[in-house]
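Peer 1: Sharing a structure below in structure tokens format, with a few things to ask.
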């Protein structure tokens with residue numbers, strides 16, 4: 001989608017994979033399902049999402065499909081650290097995720113490499 005930078009974070013100690021949408025669009029449900037199916041092992045996976053309506057909606061539907069059809073456990077982490085994207089709105093639920101998400105990706109990747117649990 002509008003954050004294709006995630007491709008640069010796929011590798012050892014970081015992301016196992018990523019799902020991208022078209023320009024300025026969230027990843028599709030099918031794209032998310034395919035990404036999760038391609039990289040998820042018996043312990044399950046954590047999907048780290050931007051705090052946007054489309055990303056959260058598609059993530060919810062994709063997670064339901066993966067858990068029902070493939071039996072994988074999927075946890076969703078929605079990062080909302082970017083106060084610049086709030087455009088003066090005082091409701092922090094509108095904050096997107098850009099810079100701070102990189103730290104979340106690294107911590108999650110390192111935890112996965114160390115054999116950590118989803119919880």
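The values are calculated or read from the model by the stated rules, or taken from the named source; none is laboratory data. In this text the structure is predicted, and so the values were computed from the model without any measurement. Cβ coordinates were reconstructed from backbone atoms using ideal geometry, including for glycine residues, and neighbour counts include every protein chain displayed.
Peer 1: For the condition outside any loop (DSSP other than H, G, I, E, B), closer than 15 Å to residue 5 by Cβ and either at pLDDT 90 or above or more than 16 Å from the chain's Cα centre (by Cα) (or both), what is the one hit in 75, 106?
Peer 2: Numbers: 75 fails: closer than 15 Å to residue 5 by Cβ.
Exactly one residue qualifies, and that residue is 106.
Peer 1: Select from segment 18-51 the residues that are at pLDDT 90 or above and either at positive phi or in a helix (DSSP H, G or I) (or both) and list them in ascending order.
Peer 2: Scanning segment 18-51 gives 29, 30, 31, 32, 33, 34, 35, 36, 37, 38, 39, 44.
Peer 1: Moving to a separate point now. Condition first: closer than 23 Å to residue 99 by Cα, assigned to a helix (DSSP H, G or I) and out of contact with any helix residue (DSSP H, G or I) (no Cβ under 8 Å at 6 or more places or on another chain). Can you find one or more residues in segment 6-15 that meet it?
Peer 2: Of all residues in segment 6-15, those closer than 23 Å to residue 99 by Cα come to 6-15.
Within this subset, residues satisfying the condition of being assigned to a helix (DSSP H, G or I) are 6-9.
Still in the running and out of contact with any helix residue (DSSP H, G or I) (no Cβ under 8 Å at 6 or more places or on another chain): 7-8.
Yes, segment 6-15 contains at least one residue that is closer than 23 Å to residue 99 by Cα, assigned to a helix (DSSP H, G or I) and out of contact with any helix residue (DSSP H, G or I) (no Cβ under 8 Å at 6 or more places or on another chain).
Peer 1: Out of (1) within 17 Å of residue 80 (Cα to Cα); (2) in contact (Cβ under 8 Å) with a residue 24 or more places away in the chain; (3) surrounded by 14 or more Cβ atoms within 10 Å (Cβ to Cβ), the odd one out for residue 27 is which?
Peer 2: (1)
Peer 1: Select from segment 40-67 the residues that are in contact (Cβ under 8 Å) with a residue 60 or more places away in the chain and either closer than 18 Å to residue 101 by Cβ or surrounded by 22 or more Cβ atoms within 10 Å (Cβ to Cβ) (or both) and list them in ascending order. Walk me through how you get there before you give the answer.
Peer 2: Initially, segment 40-67 is screened for residues in contact (Cβ under 8 Å) with a residue 60 or more places away in the chain, giving 43-46, 48.
Hits for segment 40-67 are 45, 46, 48.
Peer 1: Could you say whether any residue in segment 58-66 is under 13 Å from the mean Cα position of the chain (by Cα), at pLDDT 85 or above and outside any helix (DSSP H, G or I)? Full working, then the answer.
Peer 2: If we filter segment 58-66 for residues that are under 13 Å from the mean Cα position of the chain (by Cα), which is where we start, we get 58-60, 62-63.
Applying the additional criterion that residues be at pLDDT 85 or above yields 58-60, 62-63.
Filter again for outside any helix (DSSP H, G or I), leaving none.
Scanning segment 58-66, I find no residue that is under 13 Å from the mean Cα position of the chain (by Cα), at pLDDT 85 or above and outside any helix (DSSP H, G or I), so the answer is no.
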